[in-house]
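Below is one structure, written out as structure tokens; comments come after it.
Just so you know, all these numbers are worked out from the coordinates, no wet-lab data involved. Bear in mind that the values here come from a model prediction, so they are computed numbers and not experimental data. Quick reminder, even Gly has a Cβ in these numbers, built from the backbone with ideal geometry, and neighbours come from all protein chains shown.
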2 protein chains.
Amino acid sequence: MSRRSGILEFAVLGLLRESPMHGYELRKRLNTSLGVFRAFSYGTLYPCLKTLVANGWLIEEPGSAPEDARAASLAGRRAKIVYRLTAEGKEHFEELLAHTGPDAWEDEHFAARFAFFGQTSRDVRMRVLEGRRSRLEERLEKMRASLARTRERLDDYTLELQRHGMESVEREVRWLNELIESERAGRDQRNGSAAQDTTGDTDGLPRHRGSSRPDPSDDTAK
Amino acid sequence: MSRRSGILEFAVLGLLRESPMHGYELRKRLNTSLGVFRAFSYGTLYPCLKTLVANGWLIEEPGSAPEDARAASLAGRRAKIVYRLTAEGKEHFEELLAHTGPDAWEDEHFAARFAFFGQTSRDVRMRVLEGRRSRLEERLEKMRASLARTRERLDDYTLELQRHGMESVEREVRWLNELIESERAGRDQRNGSAAQDTTGDTDGLPRHRGSSRPDPSDDTAK
DNA sequence: TTCGTCATGTAATGGGTTACATGATTAC
DNA sequence: GTAATCATGTAACCCATTACATGACGAA
């Protein structure tokens, strides 16, 4: 029953849908692949896993037997408890994916939703992107209004902070515009045919230049 | 005694240093002028004010008498409890301003510090800006490393999210570079003379183009 | 007189971290 | 054999929100 914070639950189910994992690895995935934006501690993760099990969405399996480790030299280090998504869990995740409430546009929530766009149907993707965008636009309106109201009473640093904040939001809006456009293009590109299968096809993403060469410098830093 | 969340305490003291205010107004200032980044509710603010009073950093004063309201038609609507900074409070705030610990580089903490740069000495400003920058740079390193490590295993959307996140950080680094350079320019500009008075002089900020015309459209939106 | 906004508060709850306790496995 | 990292967990606390309760004042 207990609701345990939408976003963590969502992300855990989403990651486990791809493949079973144990807690430790799950947390790493949460904080790297997915986690540009949010980090969870064990103190949050493990109890959450417990409740997901209690809800019947996950089952605990004994860690991969020693034989496994011999077989694949790398890959699966060695696990104690592997969590696997049940049929009900999968179903539940599907529901969460389809559900578009106004919570879905909020910062962290949105990022989590976006991270699983690969498994999201195109129309839901569109709704989420557009919802996010209008959320940001109304935020911009408020900022502009308050700025106009208070402008003169603020010192330069406060003003600069405000300006930078607004620019960040404006930038995200432009990003969303690109994404929405790409989604639309993707839709036009292969219209007419199959419109029914749940998950996304033709991912429609803009192409980008550089800004992330491999650069395998260190890795060992604390 | 109780520590009540650095950042709120800090911001409250900072705002009250400029002028006495009552809770309601304080909260509005927190969420507009200062609050691009963070919103506090009454449930947080009022108890915090209580403990600040208990610490001797604030005193409660009865709200401005009716006469006041007659005198200034606008300005001070009507206050119940006005909070004013005590000498000890001022001193304490001064200490907080001067203190540069590694906490000061974290997202929200940094924003709060920046918002009060107007009352911060130039060298502390520099330390905070540079600390923040290197904090972001190490974050970038981690992101790059993890990206290089996992790149192939990620779907396009996850990758796009990552890319956008990194670009945001890179953008903030560029912003900090500008600010640091301006601070340095400010220093050079009037070197030699008085180097001792606590608070900042010569604010050194880069000039920017537009991105915030008044546009007094609505304001009434929920 | 009723509605909106100003204004102050509190109790229940939520969501999460820290610090701690424990132990297995790998690499040196 | 000892350090690092993998791995799992829990209890105590922290910070803040929500929802609620209360009431004064100004404008329609």
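Need the list of lysines near B:Lys50 for cross-linking: C-alpha distance under 23 angstrom, and skip anything on the same chain fewer than eight residues off.
B:Lys28, B:Lys80, B:Lys90
Per-residue Cβ counts within 10 Å, from other chains only, averaged over A:145-156: what number is that?
On the way: counts 9, 7, 7, 7, 5, 3, 2, 0, 3, 4, 8, 5.
That average works out to 5.
Can you give the mean number of other chain Cβ atoms that lie within 10 Å of the Cβ atoms in peptide A:164-177?
Mean inter-chain Cβ contacts per residue within 10 Å come to 3.
Using a 7 Å offset from Cα along the direction of the beta-carbon, what are the separations from B:Arg17 to the same position in each other copy, nm, ascending?
Copy-to-copy label distances at B:Arg17, shortest first: 5.0 nm.
What are the ³J(HN,Hα) values, in whole Hz, obtained from phi via the Karplus relation 6.51 cos²θ - 1.76 cosθ + 1.60 with θ = phi - 60°, for each residue of segment A:165-174 in sequence order, with x given for Gly and Pro?
x, 5, 4, 4, 5, 4, 5, 5, 4, 4
Please provide three numbers in whole Å: the alpha-carbon extents of segment A:121-189 along the principal axes, with the largest listed first.
Sorted from largest, the Cα extents of segment A:121-189 read 51, 15, 14 Å.
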